[in-house]
Number of protein chains: 2
Amino acid sequence: MQKATAEKSDPIAAQLAPVGRETVQDRVYLELRRALIGGLFEPSQVLTIRGLADALMTSTMPVREALGRLITEKALEALPNRSVRVPPITLERMDDLLRARTLIEGEAIALAATRMTSRQIATIEAMLGEWDEMRALKHKKDVDREVTLNQAFHFEIYRACGSAVLIPMIESLWLQSGPCIRVAIYAFSDAGEVDTAHYHRTIVKAIAAQDAKEARDALVADISRPFAFLRSKLEAEAKEGMSV
Amino acid sequence: MQKATAEKSDPIAAQLAPVGRETVQDRVYLELRRALIGGLFEPSQVLTIRGLADALMTSTMPVREALGRLITEKALEALPNRSVRVPPITLERMDDLLRARTLIEGEAIALAATRMTSRQIATIEAMLGEWDEMRALKHKKDVDREVTLNQAFHFEIYRACGSAVLIPMIESLWLQSGPCIRVAIYAFSDAGEVDTAHYHRTIVKAIAAQDAKEARDALVADISRPFAFLRSKLEAEAKEGMSV
DNA sequence: TTATTTGATTTGTGATCACACTTGCATTGA
DNA sequence: TCAATGCAAGTGTGATCACAAATCAAATAA
């Protein structure tokens with residue numbers, strides 16, 4: 001019995017879960033992904049291989065490969081100096097990202113709206129409740145939790161679209177817009193919280209009714225908001241920079 | 001004068017082109033990309049780091065990093081055995097890829113249709129002529145050249161859409177559908193050539209007229225064809241497999 | 001003959017090292 | 001005082017090695 005595959009005849013194997021063998025590189029990659037989507041790095045911040053390796057308590061090898069992967073999906077940027085940084089925010093890039101996100105995530109939610117099972121719908125409804133719960137005790141604004149919950153809500157829907165091609169593209173888009181979004185949420189967290197829950201409720205309602213068009217519209221409104229916030233902030237800063 | 005930046009005041013610097021410093025890893029990555037889009041690897045083929053390193057005449061280091069990057073953009077697939085292969089063809093994946101491509105490339109060409117300068121339009125018109133030229137001496141069917149020219153034509157248009165976010169996504173989609181397309185072209189190269197030129201002419205005409213909708217429709221028809229070919233081939237094989 | 005086991009080879013992963021380039025700072029010169 | 005020079009620390013890249021896991025083939029047992 002040298003085989004690695006679990007055999008039904010083995011009564012012990014049936015009780016054991018496969019232990020999995022994820023590599024250090026994968027852990028580093030996923031950790032950096034999490035940090036980027038969560039906005040833990042700020043735009044234009046420069047990252048060094050050895051610095052990250054120290055922080056993550058590994059050698060440079062897994063880090064450099066993870067950085068390379070993040071650069072190819074445009075989550076990070078390779079400077080001509082060969083140093084790498086998280087891409088800076090510009091108005092053009094924001095608009096570009098928003099257009100791509102409405103296009104692709106809109107398509108994904110339209111597909112999901114006609115495919116989600118009642119069980120899946122129940123899951124995102126439960127998330128709605130979790131959201132209200134968090135908002136109830138809003139004495140401390142827990143931006144991290146807010147971001148995480150928002151991500152979980154959206155991807156629970158996207159997963160249901162059934163497209164193995166669209167979902168990675170959406171993840172890439174979130175990776176790219178993560179740093180921007182965090183800046184927007186920080187700047188407008190008070191104004192943002194209320195509306196987010198409202199839009200999410202609209203989305204759930206539309207999906208429950210299997211109304212693809214309504215779901216898409218609600219989603220577009222949801223993801224457009226932080227971009228609009230950020231845009232107004234950037235424009236204000238630009239104007240201020242002019243006058244000073 | 002230690003500075004690396006070219007200075008206008010220096011009469012010598014004005015005549016020298018920057019030498020550039022692309023890494024071995026980049027060359028390996030681009031070479032593998034080219035091979036994948038061109039369909040030089042066949043679906044389900046397994047690739048080894050040391051094998052590629054020998055073929056490319058480098059050490060394993062640049063190759064493994066390039067493979068990692070290609071895996072993150074789904075151009076290659078990491079098996080649980082930790083070996084990597086080019087993804088196999090399935091009907092579901094084909095439909096998935098086609099849907100994503102019509103969605104995103106359709107949007108890109110619609111944007112390009114309203115933005116292309118007369119100079120850019122002249123460029124793709126010239127490509128049309130090149131296509132006819134190649135078809136004129138079709139005694140030997142040069143599939144490589146056909147694939148290359150087709151790619152150049154499409155990306156000349158996509159580049160004009162002005163979206164730094166959409167273009168890399170399109171490249172990723174071509175990377176993923178490259179192996180499938182090559183199989184389709186090989187199987188139906190005789191039937192394919194004529195129509196390709198026709199659709200490309202329609203596309204150019206629509207763009208020249210700045211008709212975004214017509215351009216999108218023509219593009220969708222163009223990229224749907226090889227997928228439809230491949231689909232009929234796969235279905236035929238599946239039926240054959242049933243009866244045998 | 002067929003199934004299992006054993007051993008040799010191949011393969012991916014991570015660590016370490018050498019080298020070249022960049023960057024920052026102190027020193028030197030006008 | 002200010003710019004240019006030179007040195008030192010830091011950083012990315014590629015090569016090589018050690019190790020564990022996987023694969024394949026021959027040998028053995030049923």
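The values are calculated or read from the model by the stated rules, or taken from the named source; none is laboratory data. Predicted, not measured: the structure shown is a model, and the values here were computed from it. As a convention, Cβ positions derive from the backbone with ideal geometry for all residues, glycine included, and neighbour counts pool all protein chains shown. Accessible surface areas use protein heavy atoms only, side chains included; no ligands, DNA or RNA. Shrake-Rupley method; radii C 1.70, N 1.55, O 1.52, S 1.80 Å.
Screening the stretch A:150-165 for residues that are open to solvent by 20 Å² or more (accessible area, probe 1.4 Å) and outside any helix (DSSP H, G or I) and picking the one that is nearest to the other protein chains (Cβ to nearest Cβ) gives A:164. Contact map, the stretch A:50-70: first residue over 22 Å from residue B:25 (Cα atoms), second residue of a type in the set (Lys, Arg) and more than 11 Å from DNA strand D (Cβ to nearest atom), Cβ cut-off under 9 Å, separation 6 or more or different chains; pairs are A:56/A:27; A:58/A:27. The set of residues from the stretch A:54-70 being of a type in the set (Lys, Arg) and either in the same structural domain as residue A:176 (by TED's automatic domain parsing) or more than 7 Å from DNA strand D (Cβ to nearest atom) (or both) comprises just one member, A:69.
State whether one or more residues within the stretch A:59-70 are open to solvent by less than 60 Å² (accessible area, probe 1.4 Å) and more than 14 Å from DNA strand C (Cβ to nearest atom). Yes, the stretch A:59-70 contains at least one residue that is open to solvent by less than 60 Å² (accessible area, probe 1.4 Å) and more than 14 Å from DNA strand C (Cβ to nearest atom). Test residue A:26 against the criterion of being within 10 Å of chain B (Cβ to nearest Cβ), closer than 24 Å to residue A:237 by Cβ and open to solvent by 30 Å² or more (accessible area, probe 1.4 Å), and give yes or no. When the stated conditions are applied, residue A:26 does not pass them. Residue count for the stretch B:114-130, restricted to those that are buried (at least 20 other Cβ atoms within 10 Å of the Cβ) and under 20 Å from the mean Cα position of the chain (by Cα): 1. Residues in the stretch B:68-124 that are out of contact with any strand residue (DSSP E or B) (no Cβ under 9 Å at 6 or more places or on another chain), among the hydrophobic types (A, V, I, L, M, F, W, C) and not in a helix (DSSP H, G or I): B:75, B:89, B:116. Here residue A:100 clears all of (1) over 18 Å from residue A:176 (Cβ atoms); (2) in contact (Cβ under 8 Å) with a residue 12 or more places away in the chain except the condition numbered (1).
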